[in-house]
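First comes the structure, then the notes that go with it.
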């Protein structure tokens, strides 16, 4: 959109990187260091422009049915502005992108493909990395970054109520839960960003390209030679690991059996460990606990959605009461 004269005067030599129209002549203009919110002449107010520096500690959003307020928290002050809720998503993406570049969280020339908010979770999909923030604020220093350059696996697991983004960086996997109603959009955005970064044409090709290499087996390498050291005579070559002339037991739990003639059986049987670590599989008890946790998470998600719908209904009722309806 065109830059109004009042905004041009306030730029002080900075260039406008992006702008978002927020109705009528109003708009939000972003420079490398600041966000400028312009309000045109109206019946109740004169033309004005507010400026807000990037580098804030955190950004909070309070979204109503008609208006969304932005509160920027700095170490010594708070600043705020509001836009129509229908424009809020575009404003969040534009302002947050500039802030993350200004603070070095994103590269100076890195673009943001999408910003997604799910209750306490905020996911930012950049052209070079994926960012995850959990907390009441949209952004703060509490975040995880997953650079595509270090990606070793990317996958998406469908579920009854949510999709899980499985992203592994340097072999360390992380799961990010996304509600099913936004799952397709989030998956498409993340896939496009990662595929573009690695110049791959499919998810399978991407995972094949970024999979860590298997260590090569070294064949034919001789083991240590103890022949001339005198140590060889101390190494027990016997089956039980002890003196060849006397029977040995393995631990206090090992038992020997006697034949009819009283001779001890040389073979001992060690009791196999029980539980989930014995064979590498999860026990039935572990499976039951995991099932209960998943059911609990589902219930919490349903309760959260119900509370949000009730809050919207209350806001609508208050608004109508104020207007005398």
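Numbers at a glance
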item	result
Region 105-211 - share of DSSP beta bridges that are antiparallel (%, nearest 5)	100 percent
Residues listed by number, region 70-96, amide nitrogen under 18 Å from residue 185 label point at 7 Å toward C-beta	84-96
Rounded, prolate or oblate (a/c below 1.5 giving rounded, otherwise prolate when a/b exceeds b/c) for region 105-211 by Cα gyration tensor	oblate
Rounded Å value of the spacing that divides the Cα centres of region 62-139 and region 12-31	16 Å
Per-selection Kirkwood Rh - region 16-127 (Cα, Å, 1 d.p.)	14.6 Å
Region 3-79 shape via C-alpha gyration tensor axes, a/c threshold 1.5	oblate
Virtual paramagnetic centre 7 Å along Cα→Cβ of residue 209, amide N under 18 Å, in region 142-164	147-156
Extension gain, residue 107 back to residue 305 (0.36 nm per residue minus Cα-Cα distance, nm)	67.7 nm
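Read-outs throughout are calculated quantities, based only on the coordinates presented, and are distinct from any laboratory measurement. Quick caveat: nothing in here was measured; it's all calculated off a predicted structure. Neighbour counts run over all protein chains shown; Cβ positions are idealised from the backbone, glycine included.
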